Amino acid sequence: MTSLEDSKFLKGARTTSDIEKLEVEVDVYAGVTYTDTEKTEFTSAKNINSSQTWGSAEGSVNAGTEQISNKFACKICLRSFSQQVNLVRHERIHTGERPYRCEICLKSFSQQSNLWKHIRTHTGEKPFSCNVCGKSFTQQANLVKHVRIHTGERPFICPVCKKAFAQRSNMLKHEKTHTGERPFRCTFCSKTFAQQSYLDKHERTHTGAKPYSCKICHKAFTQQSNMTKHISIHLKEKPFPCKFCQKSYTQKSNLEKHGKKCQFKKENTRNLEVKKESEVENDNESLLESDSSE
């Protein structure tokens with residue numbers, strides 16, 4: 001959720017009721033929407049505490065924050081929340097409740113906002129567009145990550161070596177190279193990995209699972225990257241052209257193989273060598289002429 005301290009909505013808020021009302025507005029501003037049930041729960045929680053004030057002459061604002069944050073506590077893990085609606089959401093982690101179901105594929109979600117994001121995978125809707133290149137995304141978070149490609153922004157800094165990253169997840173993965181931590185263990189052979197994705201790929205060598213299928217011919221693959229390469233065969237895309245001849249390839253590896261035996265590349269290399277030898281000879285002749293004239 002967007003920080004209240006950083007939000008433009010915080011101005012003028014003084015009572016607990018005001019703060020909680022603004023927290024809802026901030027969530028809406030950040031793209032989080034509440035269900036009717038959650039709104040009712042929130043309104044009830046707000047009315048209970050409408051007489052409390054945000055800070056006072058006797059106490060600091062921090063004291064008021066503590067009062068608010070301890071109102072609604074999870075009975076299982078004792079984590080506390082300032083709003084009952086947030087507690088309700090949190091409790092679904094423990095109960096596994098997923099009350100929001102996709103009518104297309106029947107997949108269920110614990111939050112309505114996640115259901116809406118999921119539905120876009122069916123509809124193809126991409127409402128978030130990059131102002132620089134026009135590329136569109138289903139989620140605003142993905143647009144924010146994409147924009148950093150254009151801006152070069154790398155806001156996540158490794159505390160050990162100060163290397164910067166555009167995404168927090170990549171920084172966390174990188175940090176394990178310093179610690180040597182490999183917390184993900186294969187259930188079949190006990191081999192350990194630094195990242196969950198590496199473990200998932202490895203375990204497919206045991207299970208034979210191929211979760212990535214081509215939508216055109218339905219051929220299945222163990223890795224998404226291999227499926228992407230395969231799809232280019234259907235699309236007849238050849239994004240890797242040879243600099244020396246007119247041939248193009250669907251995969252970079254095939255271009256590299258071609259480069260080792262490309263006749264035009266060999267001829268171009270020979271021509272460059274002959275040109276360099278000629279330039280050296282000319283330079284030597286010029287030096288000899290200048291010496292003889294002296």
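Selection of segment 218-236 for residues being part of a helix (DSSP H, G or I) and more than 26 Å from the chain's Cα centre (by Cα) yields Ile233, His234, Leu235. Here is the figure for segment 84-99: residues that are surrounded by 17 or more Cβ atoms within 10 Å (Cβ to Cβ) and either polar (S, T, N, Q) or touching a strand residue (DSSP E or B) at 6+ places or on another chain (Cβ under 7 Å) (or both) total 4.
Do we find a residue being touching a residue at least 12 places away in the same chain (Cβ under 8 Å), farther than 30 Å from Ile233 by Cβ and either assigned by TED's automatic domain parsing to the domain that holds Cys130 or assigned to a loop (DSSP other than H, G, I, E, B) (or both) anywhere in segment 200-215? Within segment 200-215 (the criterion being touching a residue at least 12 places away in the same chain (Cβ under 8 Å), farther than 30 Å from Ile233 by Cβ and either assigned by TED's automatic domain parsing to the domain that holds Cys130 or assigned to a loop (DSSP other than H, G, I, E, B) (or both)), the answer is no, since none of the residues qualifies. Of the numbered criteria (1) at pLDDT 90 or above; (2) at negative phi, the one Lys162 fails is (2). Of everything in segment 237-266, what is within 32 Å of the chain's Cα centre (by Cα) and either surrounded by 13 or more Cβ atoms within 10 Å (Cβ to Cβ) or at pLDDT 80 or above (or both)? Give them in sequence order. Of everything in segment 237-266, those that are within 32 Å of the chain's Cα centre (by Cα) and either surrounded by 13 or more Cβ atoms within 10 Å (Cβ to Cβ) or at pLDDT 80 or above (or both) turn out to be Lys238, Phe240, Pro241, Ser248, Tyr249, Thr250, Gln251, Lys252, Ser253, Asn254, Leu255, Glu256. Of the residues screened, Ser169 is one that is in a helix (DSSP H, G or I), free of Cβ contacts under 8 Å to residues at least 12 places away in the same chain and among the hydroxyl-bearing types (Ser, Thr, Tyr).
The values are calculated or read from the model by the stated rules, or taken from the named source; none is laboratory data. Small disclaimer: the values here were computed from a predicted structure and weren't measured. All Cβ positions, glycine included, derive from the backbone under ideal geometry; neighbour counts span all protein chains shown.
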